[in-house]
Amino acid sequence: MGVFMKVTVKLFASLCSGRFAVGVFDGGAALTVRDILKSLNISEGEVSIIFINGRHEDVSAAVRDGDTLALFPPVGGG
Amino acid sequence: MENILRIDMGAEGGPKARVEPLGVYAGMGGRGMTSSIISREVPPLCHPLGPENKLVIAPGLLSGTGAAMSSRLSVGCKSPLTGGIKEANSGGQPAQVLGRLGYAAIVLEGCPAGTDFYKVVIGRERVRIEKDNSLRMLTNYDLVKRMREEYGDRIACISIGPAGEMKMASASVACTDPELRPSRHAGRGGVGAVMGAKGVKVIVLDDNGLKARQPKDLEKFRDANKRFVEGLARHPVTGQALPAYGTNVLTNIINEAGAYPSFNFRDGRFDGASKISGETFAELEKSRGAGPTHACHRGCVIRCSGIFNDSDGRFLSKQPEYETVWSFGGHCGIDDPDMIAGADFLCDDYGLDTIEMGVTIGVAMQAGIAKFGDARAAIELLHEVGRGSPLGKILGAGAAVAGRVFGVEKVPVVKGQALPAYDPRAVQGIGVTYATSPMGADHTAGYSIATNILKCGGFVDPLKPQGQVELSRNLQIATAAIDATGMCLFIAFAILDQPETFQALLDLLNAFHGLELTSDSVVELGRSILSMERDFNSRAGFTKVHDRLPRFFSKEPLSPHNVTFMVGDEDLDRVFNW
């Protein structure tokens, strides 16, 4: 209960404009990606690709202590 | 585009041009045209540098029209790198001008008897083929400067640098952008070496007095183009991300996905990635008075190319593409944007494929020829290639040859062609494309990254083997068809996600040519092109064992996900079952 946890949050491309590139998110237990987006004031529509530790996840995924969360807007190239 | 211009470089008494009607090639364009001519006319067992090979240069079905995004130029031949059929395509102005000149293809045939080099000048009224040995060993930028002085600014050039003249298997064919920089290249498979073997240094296309090709139904065509452009503007990738950052926006995302091959495919991530990301390049470019938003041809609305200045604000190169930033960057352990842009310029100037050269230098680093991370050594090795020293010639022959010469086991090639910037262990779909494409390892041939990583056109988990064969098959078919239209492949991001934008593309083709194509006919076109290419390769001696990745991808797990390539051989053999 009330376990303190740290999550590394990385924002890329247009998402970091006016925000940050890499930050540490401190929070309580039972967080989801959606909770973190809300607290960073990022709308779900802005985010297209979500990685937790390099694996694709969606906004409802749970985030655990020590995880790295990487968020991207729609991007492409090749 | 009612005619084919054939130039016999080996004709008695000197090169001779003749103009022929389309005949059996009516209705073909771009890759459809190059692969049709090669598969029908070139003996599959011929030597790629000999007189029986042909170099086919073809604009797409919509090139030279008012359709946005329609200036891709296909260059085809039997490849001196892979020994199979090759189509490499390029942006820039030449496809538009060639389309307006009315040629559906230029076919260079035969080989001159001596060592002379020629320039070919094609205008509205006539074709001139002139011996000009004063151009020999000029680099692409110096060559185009000379052509500007001789013919003015209303031209587009298709040329080779010293690498093509030396018939190196990594030599490219350069195309000029709207400002006459020879910075867009048909890079892959050594097409520049075949142009060199034909003794053609440069083809100058004179744009004076030309008009856009006229559609069968002008009103419908305009309406379709409007919807097509709106669709591209509305999609966040083609409307926002590509113009803001260019293709190198991928460095961060591929690195985060653990699919960024660094230190010659040792690791799936690179510590220096953020120093060479698209975000970093875009900021640097803007701070130096250039920028990341530029159109490689007139009529491009995506504008993913850019200009990179040095720290004194002078032009250093075009904005390097993602695969170039990777090949000279993470693959070689280099994280300096200026050095990577310098390598990009040298490749464009000497006329070299940036993927093949960067991968080859990484293989040389693996062999201890230079240290990983030593950017100066990488640049010096590129100069060796440009000078044609014995070491340079080994490197210029590509990664497979260099790996063999230097005794390296880990050589990332399929059919002799270097793998690009996505590790097939962490993106299993692209591994299927690398293994099975008739072109050799080529990400553009069936860009599964879109669906495996970027979530365009759905999502297939990149770390699992399931669903990858179907994904790669469908993308290879769609790509072959798009490559026939002259359309830039980046329209795929919008047409995969937006059915109405795909319909607008069909409407453009139908209104222009008076056709009634449906999505089924597009699939049929793509399949027929792939079948011709596979048939050529089969007659050239390729079997299913050539449709495999190097063994280490199935044996050595890649960090951070500790995955190997898991798609089975029998599944790879199903890709072209339709």
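Here are some notes:
- Of the residues making up the stretch B:297-313, those that are more than 14 Å from chain A (Cβ to nearest Cβ), more than 14 Å from B:Asp338 (Cα to Cα) and out of contact with any Pro (no Cβ under 8 Å at 6 or more places or on another chain) are B:Gly299, B:Cys300, B:Val301.
- Condition broken by B:Gly209, with the remaining ones in (1) more than 14 Å from every other protein chain (Cβ to nearest Cβ); (2) surrounded by fewer than 17 Cβ atoms within 10 Å (Cβ to Cβ); (3) assigned to a helix (DSSP H, G or I) satisfied: (3)
- Residue-level check: of (1) in a helix (DSSP H, G or I); (2) more than 17 Å from B:Cys296 (Cβ to Cβ); (3) of a type outside the set (S, T, N, Q), B:Asp348 misses just (2).
- Each residue in the stretch B:147-174 was checked for being assigned to a loop (DSSP other than H, G, I, E, B) and either touching a Phe, Trp or Tyr at 6+ places or on another chain (Cβ under 8 Å) or farther than 24 Å from B:Gly358 by Cβ (or both), and 4 pass.
- Options B:Gln466, B:Gln417: the member that is in contact with a Ser or Thr (Cβ under 8 Å, 6 or more places away or on another chain), on the phi < 0 side of the Ramachandran plot and not aromatic (Phe, Trp, Tyr): B:Gln417
- Among the residues of the stretch B:265-303, those identified as among the hydroxyl-bearing types (Ser, Thr, Tyr) and either over 25 Å from B:Glu179 (Cβ atoms) or touching a residue at least 60 places away in the same chain (Cβ under 8 Å) (or both) are B:Ser274, B:Ser277.
So that you can scan it fast, the table gives a plain yes or no per residue for (1) surrounded by fewer than 23 Cβ atoms within 10 Å (Cβ to Cβ); (2) touching a helix residue (DSSP H, G or I) at 6+ places or on another chain (Cβ under 8 Å):
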residue: B:Ala378; (1), (2): no, yes
residue: B:Ile394; (1), (2): yes, yes
residue: B:Ala399; (1), (2): no, yes
residue: B:Val411; (1), (2): no, yes
residue: B:Gln417; (1), (2): no, yes
residue: B:Ala426; (1), (2): no, no
residue: B:Ser437; (1), (2): no, yes
residue: B:Gln466; (1), (2): yes, no
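- Failed condition for A:Asp65, given (1) in a loop (DSSP other than H, G, I, E, B); (2) within 14 Å of chain B (Cβ to nearest Cβ): (2)
- Just one residue in the set B:Ala494, B:Ala484, B:Ala480, B:Ala540 is over 23 Å from B:Met439 (Cβ atoms) and crowded, with 16+ Cβ neighbours inside 10 Å; that residue is B:Ala494.
- Subset of the stretch A:1-34 [without any contact (Cβ under 8 Å) to a residue 24 or more places away in the chain and either surrounded by 17 or more Cβ atoms within 10 Å (Cβ to Cβ) or not in a loop (DSSP other than H, G, I, E, B) (or both)]: A:Cys16, A:Val22, A:Gly23, A:Val24, A:Asp26, A:Gly27
- Of the helices (runs of 4 or more DSSP H) entirely within the stretch B:465-569, those holding at least 3 residues that are over 20 Å from the mean Cα position of the chain (by Cα) and farther than 28 Å from B:Gly76 by Cβ occupy B:499-513, B:552-555.
Read the figures in this text as sums done on the coordinates, not as results from a lab. This is a predicted model, so every value here is computed, not measured. With ideal geometry, Cβ positions are generated from the backbone for all residues, glycine too; neighbour counts draw on all protein chains shown.
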